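Trainee: A single structure is presented below for examination.
The values are calculated or read from the model by the stated rules, or taken from the named source; none is laboratory data. The structure displayed is predicted, hence computed values, not measured ones. Glycine gets a Cβ as well: all are built from the backbone with ideal geometry, and neighbour counts include every protein chain shown.
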Amino acid sequence: MKTLKILLADDHEIVRHGLRALLQDHEGWEISGEAVDGRDAVDKAVLLKPELVILDIGMPCLNGLDAAREILRQDPQTTILVLTVHESEQLIRELLNVGAKGFLLKSDAARDLIAAVEALQEHRTFFTSRVAEVVLEGYLRGMDSPLAARPLHERLTPRERQVLELLAGGKTTKEVAALLTMSVKTAETHRSNILHKLGLHSVTQLVLYAVRNNIVQLSPSANALDAKKYGT
C-alpha cells in the first residue's frame, strides 16, 4: 500500500503535537511536515506534495478557507480535511465550494480523527455529525435560502483577499505593501477597491466584516477588546 503523506497545518503548536501523536503510529501514514499559518501551509503543500492536508480554518497570514483554495489551485488532487470550531452553514458551504472533502470539529478530533483520515484515504467524504446536520438543514431549506447566497468577499481577487486579511489582522497599508512586495500606492488602490466591492467606508468596518465572516479570527481577549473598541 502506498504511504499516505500528511501535512498538518495549525498555528497552535500544542494542537499540531496532538494531531501528530494521534496519527504518527498508524501503519502506512507519514507526517511529512507541519505548517504554522495559512501561507506556510500553501508553501509546504507545494514543496512536500502531501496527499492529505489537515487544515485549521482559523490561522494567521492566510485563513484556512483561502489556504485550501490556493492549495487546490496548485494541485487539485490534494485532499483537504478541515479542522474547525465553527459550525456556520455559510462557512461550510464555502469550504464545500472550494473542494474540501472532510470537516472535523476540533472538539471531536481525539475521537474521530483516525476515522476521518481513513475515510478520505478511501476517497470518501467525512463530516462530523453536527457538521452533517448543518449541511442537511441547509439543503432542506433549499438553495434559495439567504444563507446560500454568495458572500460579498467572494467577488474579491486573490490579491485583494490577501490585502483584506492583512488589513483586518491589524497591518497598516505600508506594512501590507512590504509583506506583499508591492508599492504603497498599489496597496492603497487594493484597499480602496476592497472597500468599494464590500460596500464599506473604513478599515474599522473592514475589520468587523472580516471577523463576522470568519475571514480572520480573534482570540477571546481580542474579541472582548474589539467589541468595546468598535461597539459590537
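Trainee: Select from the range 22-43 the residues that are of a type in the set (A, V, I, L, M, F, W, C) and either in contact with a helix residue (DSSP H, G or I) (Cβ under 7 Å, 6 or more places away or on another chain) or closer than 13 Å to residue 54 by Cβ (or both) and list them in ascending order.
Mentor: If the condition is that a residue be of a type in the set (A, V, I, L, M, F, W, C) and either in contact with a helix residue (DSSP H, G or I) (Cβ under 7 Å, 6 or more places away or on another chain) or closer than 13 Å to residue 54 by Cβ (or both), then 22, 23, 29, 31, 35, 41, 42 are the ones that fit.
Trainee: Turning to a different aspect of this structure: Provide a single number: the residues in the range 110-130 that are more than 20 Å from residue 71 (Cβ to Cβ) and either of a type in the set (A, V, I, L, M) or touching a residue at least 60 places away in the same chain (Cβ under 8 Å) (or both).
Mentor: Matching residues across the range 110-130 total 3.
Trainee: So how many residues does the range 93-126 have that are over 23 Å from residue 21 (Cβ atoms) and under 14 Å from the mean Cα position of the chain (by Cα)?
Mentor: So the answer is 9.
Trainee: Select, from 99, 64, the only residue that is within 20 Å of residue 125 (Cα to Cα), surrounded by fewer than 19 Cβ atoms within 10 Å (Cβ to Cβ) and among the small types (Gly, Ala, Ser).
Mentor: Of 99, 64, the one residue that is within 20 Å of residue 125 (Cα to Cα), surrounded by fewer than 19 Cβ atoms within 10 Å (Cβ to Cβ) and among the small types (Gly, Ala, Ser) is 99.
Trainee: In addition: So which of 99, 38, 28 ends up being on the phi > 0 side of the Ramachandran plot, modelled with pLDDT of 90 or more and not basic (Lys, Arg)?
Mentor: 28
Trainee: Does residue 41 satisfy being out of contact with any Ser or Thr (no Cβ under 8 Å at 6 or more places or on another chain), in the same structural domain as residue 126 (by TED's automatic domain parsing) and buried (at least 20 other Cβ atoms within 10 Å of the Cβ)?
Mentor: Yes; evaluated as a whole, the condition is true for this residue.
Trainee: Having 2 or more residues that are closer than 28 Å to residue 180 by Cα is the bar; report the strands (runs of 3 or more DSSP E) wholly within the range 1-114 that clear it.
Mentor: The qualifying strands (runs of 3 or more DSSP E) are 4-9, 29-35, 52-56, 79-84.
Trainee: If you don't mind, there's one more thing I want to ask. Among the residues of the range 204-226, are any at pLDDT 80 or above and of a type in the set (Ser, Thr, Tyr)?
Mentor: Checking the range 204-226: at least one residue is at pLDDT 80 or above and of a type in the set (Ser, Thr, Tyr).
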